[in-house]
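Working notes for the structure below.
The values are calculated or read from the model by the stated rules, or taken from the named source; none is laboratory data. Computed from a predicted structure; not experimentally measured. Cβ placement follows ideal geometry from the backbone for every residue including glycine, while neighbour counts extend to all protein chains displayed.
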Amino acid sequence: MSVVVPRPAGPHPLDDPTPAPGALAPVSTLDTDARVLRLDGQWRFRWAPSAGAAEAGIEHPDFDDSAWGTIAVPSSYTMPVHDATVGGPHGAPAYTNVKYPFPVDPPFPPDANPVGDHRLRFALEEVPARAHLRFEGVEGAGDVWLNGIFVGSTRGSRLPTVFEVGDLLAESNVLVVRVHTFSAASYLEDQDEWWNPGIIRSVTLRERPALAIDDVHVVAAWGQNGASLRVDVRTASDAPLTVEIVELGVSVAPGVEVAVPDAQPWSAESPQLYTLRVASPHEVVTTRIGFRTIAIVEGEFTVNGAPIQLRGVNRHEHHPDFGRAVPRETLELDLLLMKRANVNAIRTSHYPPHPDMLDLADELGFWVIDECDFETHGFGDVGWRGNPTDDPAWEAALRDRAARMVERDKNHPSIIMWSLGNEAGTGRNLAAMADEMRGRDATRPLHYEGDQECRDVDVWSRMYAPHDQVAAIGWHEEPPLDDPALDARRRAMPFVLCEYVHAMGTGPGGMTEYQQLFDGHPRLIGGFVWEWLEHGIHRPLPDGRTGTFYGGDFGEPVHDGNFVIDGLVAADRTPRAQLADLAAVFAPLVMSVDAEAGVLHVHSRLDHTDTSRYQLSWRVSSASSSVNADGLDEDGVTQGRAGVFAHRPVPPRGSAEIPLPPPLLEHVRTPGLVVTIEASESDSAVPGMSGWVVARAQVVTVGAEQVRPAAVPAAGILSLSDLVLDESTGAVTAFGEQAVEDWRLELWRAPIDNDFGIGWDQPDTRPNAERWATLGLDRLVSRLVSLSRSDDRVEVVTRIGAAATDVGVTARWTWTVREGALHLALDVTPDSAVGVAVDWARVGVSFALPGSAAGVQWFGRGPGPAYPDTGQAAHWGWFSRTLDGLQERTVRPQESGARADVRWARVALPGSSSSTPDAALEIASPDGVALTVRPWSTATLAATTHDHLLEPDSRTHIVLDLAQSGAGTGACGPGVLPKYQLPAQHVVGELEFRVS
Ligand code: GAL
């Protein structure tokens, strides 16, 4: 029996808010042994600024497209990487966060509505009687013709559309797709990302045999009695079927629930999958299944009976060259990097992902919130007037989207919640979507952050809620809703932060404190960091390098700048410093050493498995052991001072005290050592994970005398006469023969992205960067108050202030000599008349050295950067980095790269003469300073808009911070937590300088 699908007469009108007719009912993604022809590859392509300006008659098979360029399918056709093959204009990506890039005039798209015309000729050796033409995703609105006949239109950019085309196929075929950038459907797709049209996912032609298997719906559950399975199969006819779990050799009857005695459960920690094989006489399909049951029990979110904690990230689909058409290797890299960062959950913000992502999540083990392709945030800017969420005219489209997501993805064990969408306000259509989803799958709870009354959802979700509010929710002490029934219902729900800690630029601060809340309150089931990746776009630069670009760089009249650059990894997946910090915060084991008791405390955050997968190892380094011929080696270990030790597995969410073995016990009690204990994956099934360190604890017994590595050449002895000052300003101009430039006190930093945001919990609603500019912290000047010398000291007093303000500080610089080093005691006092409350960015000594430093060695925390509320991954040791290696480059330059708690550092300069090839400046600080060393000044950093525009100025700029402000997450969310703020205050500190 063949299915007759009425073929639509012509393209679905672009201003029609209802679903486009002509597509087949949605089904799950199944592997089949029927013939599948991938139509990906090079297609003919031509862009036009509007459909009216495009060439007519492109749908005709004999249309001459020989003058057209080509484009890879899948692709986002506006991406610069396609310049060469398209050979003409092809539009440009456009970035907006909330705003629509066209008038809010629903359901109408603007006249200026570019189109990308795609044509493909393909041959079939054997023409099937029935076939499905399947588009996994067409961003924008597609019109499709096959061999001159209109097949249908697509709506729902990140959802599949399938057409019945068997009767149109011939040996030689021409497939034509016109992609309009905008349509009524664009009002439903206002996610914070690039508007970037194209055929973004694969196109396939699938033969459908007479006794085809159209769909399989699996409910694979895990209960007190073990596994059970129900498989419902949809076929076009009454074909005889066999259903089998391949690995278990078990056959099951379709349509009834059966026990599966030998099966193991699936969880993100132990992702046991089985292959389900369904066969008719004409077709065999397979899908992978995992047995697991989700239940909300007494306000806790459980899987297989155990509560789970989500340590998650929000993942968009973007590639710096290919836009939304993310290559498979990049997807694999994403998930490996997530595993390495101890991430166990993914929210597919804000649309169903490429289907491969879910296959990989099933296989590698992630908890997934699958989110529908639905956001209408821009209506918020117009008071939510006309919001599709509340307009019956859009109900069918929203039901359609809900149905297509659930049907496509229903068999994935990794998916634990469906999300209705994101930031679409509230309204009657949410209930319709919820109804649609529940009607198709009753096994998964629903999520949607936009409705704080939680009328249609099962889990209460918020984004960027400050810590104190999350704590109150953890205690079930949130402010009540007006409606007592709704309030009671919400109060019984688990709570998730679907977005928190905005990973934009330097930061985010506050991760540790959120994790402490999640760990401390069973109601808080965790959260999803915003966001996994930055959406930078690569474009070649005239000098042959590649630049990374953001909103506004493509001529968009309305845009949101670099707000799209806010990820844990760069668009090319280079991890940002915050990824390592996140890994430390998300560690599955929390470890600490009690040297006195001689034990390692281990607490496990695993929910389903014990800790037997981890190996515990230890190593020791010291000032004498940590040096190799090339300088310092952070992994320096002396023979015999490393080992592994056994531990009895800690049960899920359990704690244990593991006795330290004898040599280790001795080391943690010996002065002068850094003892590091690490837990690593011993034998992971995930490729690339074996041996990966997941958690770390340290004991540091290094005193002030033990920081300087034995192998570092001795530094020269300095006396007070080596302190060369500018007598008119009191600024240092040389230490001995080492010239010093631009010596000054610094209270400012090159504003980080978080400094431009308004912390959601701050009383002063002006961003830090603005407050600093008003006070002139970015343009401080100094006046010498006094300079006095005696035999054993030089004392300089300066007053530092800014033009046009009367607010300043007094700095007292007291120089003495201690053990051959120039010793500085610095005392900074804000004017008592300071009637202005201000948080400083830092209290630092800033200066430059002529020439470019070869590198820096240090003892302190590293190897990565740390600010007071970041740097959870930075651990103690001796480290070495080149000047380049010290930089944490961000797409928009900003303060970054400080190394924390530096007690000793050696900045190696290029030889100033042949007699001093190893010229170096040594800096020591008994209490530790934050050390920033870079080839450009703070002012240059602040004034530069893009990383590729940063030019080294042949000097080495050093800032030594006695105090710093945290980073916070004010770009979107709470500002710097009070304990990490740096209000104007009296600050003292000590530094020592030596030169060699
Ligand atoms: C949220 C939104 C995200 C993103 C984020 C800020 O409001 O859901 O899509 O815009 O803020 O980067």
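The table for this structure:
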quantity	calculated
The lone exception for residue 499 - which of (1) among the acidic types (Asp, Glu); (2) buried (at least 22 other Cβ atoms within 10 Å of the Cβ); (3) free of Cβ contacts under 8 Å to residues at least 60 places away in the same chain it fails	(3)
Matching residues in the range 614-636 - criterion: being farther than 13 Å from residue 676 by Cα and modelled with pLDDT of 95 or more	614, 615
The range 474-504: number of residues that are more than 21 Å from residue 446 (Cβ to Cβ) and within 12 Å of the ligand (Cβ to nearest atom)	4
Residues (surrounded by fewer than 17 Cβ atoms within 10 Å (Cβ to Cβ) and either free of Cβ contacts under 8 Å to residues at least 24 places away in the same chain or in a loop (DSSP other than H, G, I, E, B) (or both)) located in the range 694-715	701, 703, 705, 710, 711, 713, 714
Selection status of residue 227, within 30 Å of residue 343 (Cα to Cα) and touching a residue at least 12 places away in the same chain (Cβ under 8 Å)	yes
Residue among 28, 66 that is polar (S, T, N, Q), free of Cβ contacts under 8 Å to residues at least 60 places away in the same chain and farther than 20 Å from residue 323 by Cα	66
Residue within the range 987-996 that is among the aromatic types (Phe, Trp, Tyr), touching a residue at least 24 places away in the same chain (Cβ under 8 Å) and assigned to a strand (DSSP E or B) present	yes
Residue 301, sole failed condition from (1) surrounded by fewer than 19 Cβ atoms within 10 Å (Cβ to Cβ); (2) under 31 Å from the mean Cα position of the chain (by Cα)	(1)
Among the residues listed as 161, 181, 204, 154, the single one being within 22 Å of residue 564 (Cα to Cα) and either buried (at least 22 other Cβ atoms within 10 Å of the Cβ) or away from the ligand (no atom under 16 Å from the Cβ) (or both)	181
Complete set of residues in the range 393-409 that are surrounded by fewer than 24 Cβ atoms within 10 Å (Cβ to Cβ) and more than 15 Å from residue 158 (Cβ to Cβ)	393, 395, 396, 399
Residues of the range 952-995 satisfying the condition of being within 16 Å of the ligand (Cβ to nearest atom), farther than 15 Å from residue 896 by Cα and in contact with a His (Cβ under 6 Å, 6 or more places away or on another chain)	971, 972, 973
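A quick yes/no check of all residues on (1) among the hydroxyl-bearing types (Ser, Thr, Tyr); (2) part of a helix (DSSP H, G or I); (3) under 24 Å from residue 15 (Cα atoms); (4) within 16 Å of the ligand (Cβ to nearest atom):
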site: 379; (1), (2), (3), (4): no, yes, yes, yes
site: 394; (1), (2), (3), (4): no, yes, yes, no
site: 400; (1), (2), (3), (4): no, yes, yes, no
site: 429; (1), (2), (3), (4): no, yes, yes, no
site: 433; (1), (2), (3), (4): no, yes, yes, no
site: 437; (1), (2), (3), (4): no, yes, no, no
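Every residue, every condition in (1) in contact with a helix residue (DSSP H, G or I) (Cβ under 6 Å, 6 or more places away or on another chain); (2) within 16 Å of the ligand (Cβ to nearest atom); (3) outside the structural domain of residue 100 (by TED's automatic domain parsing); (4) part of a strand (DSSP E or B), yes or no:
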site	(1), (2), (3), (4)
522	no, no, yes, no
527	no, yes, yes, yes
539	yes, no, yes, yes
543	no, no, yes, no
547	yes, no, yes, yes
551	yes, yes, yes, no
554	no, no, yes, no
558	no, yes, yes, no
562	no, yes, yes, no
